[in-house]
Structures are given as C-alpha cells and as structure tokens.
Amino acid sequence: MRLITLVKVVPGRMNEGFERLRTLPTQKMPEGVRTCLSWVTYGSYDLVWAWEAPDMRTANQVLQEATKDGLFTTETMAAQDSAEF
C-alpha cells in the first residue's frame with residue numbers, strides 16, 4: 001500500500017526535530033517498508049514523506065515508532081497512483 005505522511009515538528013523542538021527528520025527516511029524499516037521520496041516543505045507541514053508498506057498493521061507500527069519521542073505530529077493518508085484510479 002502507498003502512503004503519504006505529512007509531518008509537523010512540535011514547536012520549541014525544531015533543532016532536534018529537524019535532525020531526526022533528516023534521518024527518518026533512511027532509518028531501518030520493517031520488511032516491505034520503503035521510502036519513495038521525501039521533501040522538506042515550507043508551510044503548514046515540515047516534511048512530506050511518500051512511502052510504501054505491505055499492510056496497515058506495518059504502517060501503524062512505523063508511524064508509532066516515528067512519533068514515540070513526541071518530536072512530530074503526523075497526518076497520513078493512503079494513496080493511489082492516478083493511472084490506477
């Protein structure tokens with residue numbers, strides 16, 4: 001399954017948040033999870049992360065691990081290639 005995650009660093013924790021954001025897409029992920037791309041953005045969110053996971057359970061595990069230290073809030077949505085729509 002394809003996912004898009006919008007990431008916002010918690011105010012007051014920008015330095016450590018951006019250091020973690022820089023390494024988040026390259027961290028060891030569970031089997032079947034891969035980063036397609038990631039962008040630092042200017043606006044309501046600090047990072048857009050496009051990624052794939054084999055199922056929703058694995059996706060939830062990845063998101064729980066990424067947010068466990070309280071540096072980020074996220075909004076994630078399932079995505080589909082427009083050609084497949």
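The residues of the stretch 9-45 that are under 24 Å from R57 (Cα atoms), surrounded by fewer than 16 Cβ atoms within 10 Å (Cβ to Cβ) and either of a type in the set (K, R) or touching a helix residue (DSSP H, G or I) at 6+ places or on another chain (Cβ under 6 Å) (or both), listed by number, are K28, P30, R34, T35.
Does E75 qualify as being in a helix (DSSP H, G or I), of a type in the set (D, E, K, R) and farther than 12 Å from R2 by Cβ? Answer is no for this residue. Condition first: assigned to a loop (DSSP other than H, G, I, E, B) and either within 27 Å of G12 (Cβ to Cβ) or in contact (Cβ under 8 Å) with a residue 60 or more places away in the chain (or both). Now tell me which residues in the stretch 28-72 satisfy that. T41, Y42, G43, S44, Y45, D46, K68, D69, G70, L71, listed by residue number. Out of the stretch 11-59, which residues are at pLDDT below 90 and aliphatic (A, V, I, L, M)? If the condition is that a residue be at pLDDT below 90 and aliphatic (A, V, I, L, M), then M14, L21, L24, M29, V40, L47 are the ones that fit. Among T58, T67, which is over 14 Å from M1 (Cα atoms) and among the β-branched types (V, I, T)? Step by step, each of T58, T67 is checked, and only T67 is over 14 Å from M1 (Cα atoms) and among the β-branched types (V, I, T).
The values are calculated or read from the model by the stated rules, or taken from the named source; none is laboratory data. Since we're looking at a predicted model, the values are computed, not measured. Positions of Cβ are backbone-derived with ideal geometry, glycine not excepted, and every protein chain shown enters the neighbour counts.
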